[in-house]
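Participant: Just dropping this structure here.
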Amino acid sequence: MAEVRFWWIRHAPVVGNDGRCYGVNDVDCDVSEKNKFIKLAKLLPKNSSVYSSHLLRTIKTFRATEKQGFRYLSYEIDKNFAEQDLGLYAGLKYEDLDIKTKELGVYHSSWLCALDHKPPKGESYNTLYLRVVKGIKNIIKNKSNSDFVIFSHGGPIRAAISYALTNLPETSMPFLIDNISLTRIDFIDDKWQIKFVNFMPS
């Protein structure tokens with residue numbers, strides 16, 4: 001039986017951002033809640049292959065987990081697992097982004113904007129979805145392990161859930177993905193199984 005297990009972790013809470021949306025802006029995060037990382041390290045499989053996005057907040061979250069005892073076989077940065085590039089919308093206050101997207105007719109009640117809307121000099125969520133799926137397929141195609149731990153973001157984790165459920169980006173928008181939460185999605189004999197979503201190691 002062919003089995004690939006994906007363990008998705010959203011990065012630690014962003015700090016110093018003054019309530020602004022950030023997308024691929026390289027903002028800092030708070031990794032001071034040591035107990036959460038101790039518990040996360042105990043939950044994650046040893047001898048796994050680890051990935052993170054190229055952004056500081058996922059790398060820092062990975063290193064904080066490693067510091068508290070997480071052991072693994074390999075680590076690689078993959079930009080496919082980065083957050084949505086919000087282009088010129090990055091840096092706007094969330095309430096100002098809501099006003100702008102409503103004015104443009106691209107407001108989305110569960111996301112930053114309509115999923116097919118491309119912010120100026122950015123990318124649409126649908127584009128994010130396609131690159132996350134590409135990253136997942138690359139792992140499955142070239143897998144050298146059964147356990148893959150991915151330190152990522154709310155958008156890509158939702159994309160992975162959507163891919164497993166229906167292969168439609170919209171499907172997972174209502175899911176809450178908290179900081180430092182764990183989501184487990186398995187690929188077994190060419191079928192997806194969602195083990196759990198948004199588990200908090202608190």
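No lab work stands behind these numbers, since they all come straight from the coordinates. Everything numeric here is computed off the predicted structure, so don't read it as measured data. Methodologically, a virtual Cβ is constructed for each residue, glycine included, from the backbone with ideal geometry; neighbour enumeration extends over all protein chains shown.
Participant: Using +1 on the beta carbon of Lys and Arg, -1 on that of Asp and Glu, and nothing else charged, what's the dipole of the chain about the Cα centre, debye to 20?
Facilitator: Details: 28 positive and 23 negative charges, 131 e Å.
In total the dipole reaches around 640 debye.
Participant: Between beta-carbons, use under 12 Å as the cut-off and find the net charge around G135, counting Lys and Arg +1, Asp and Glu -1. Provide the component values of the computation, followed by the final result.
Facilitator: Numbers: positive: K79, R131, K134, K137, K141; negative: E76, D78.
Counting the neighbours of G135, the net charge comes to +3.
Participant: Among M200, M173, which comes first, then next, by fewest other beta-carbon atoms within 10 Å?
Facilitator: Working: M200 12, M173 15.
In order of increasing Cβ crowding within 10 Å: M200, M173.
Participant: Go ahead and collect, in residue order, the members of the range 1-27 whose backbone nitrogen is under 19 Å from a label point 7 Å along the Cα-Cβ direction of N47.
Facilitator: Correct set: 1-7.
Participant: Test of understanding: ordering V15, V4 by Cβ neighbours within 10 Å, fewest first, what list do you get?
Facilitator: Ranking V15, V4 by Cβ neighbours within 10 Å, fewest first, gives V15, V4.
Participant: On to the next question. Apply the a/c threshold of 1.5 to the C-alpha gyration tensor of the chain and tell me whether it is rounded, prolate or oblate.
Facilitator: Details: a/c = 1.99, a/b = 1.34, b/c = 1.49.
Since a/c reaches 1.5 but b/c is at least a/b, the shape of the chain is classed as oblate.
Participant: Okay, next question. Suppose the chain between D28 and E66 were pulled fully straight at 0.36 nm per residue; how much longer would it get relative to their current alpha carbon spacing?
Facilitator: 11.9 nm is the gain from fully extending D28 to E66.
Participant: Taking the Cβ of each residue in T166, T61 as the centre, tally the other Cβ atoms inside 10 Å and list the residues starting with the fewest. Show your work: numbers first, answer last.
Facilitator: On the way: T166 11, T61 26.
In order of increasing Cβ crowding within 10 Å: T166, T61.
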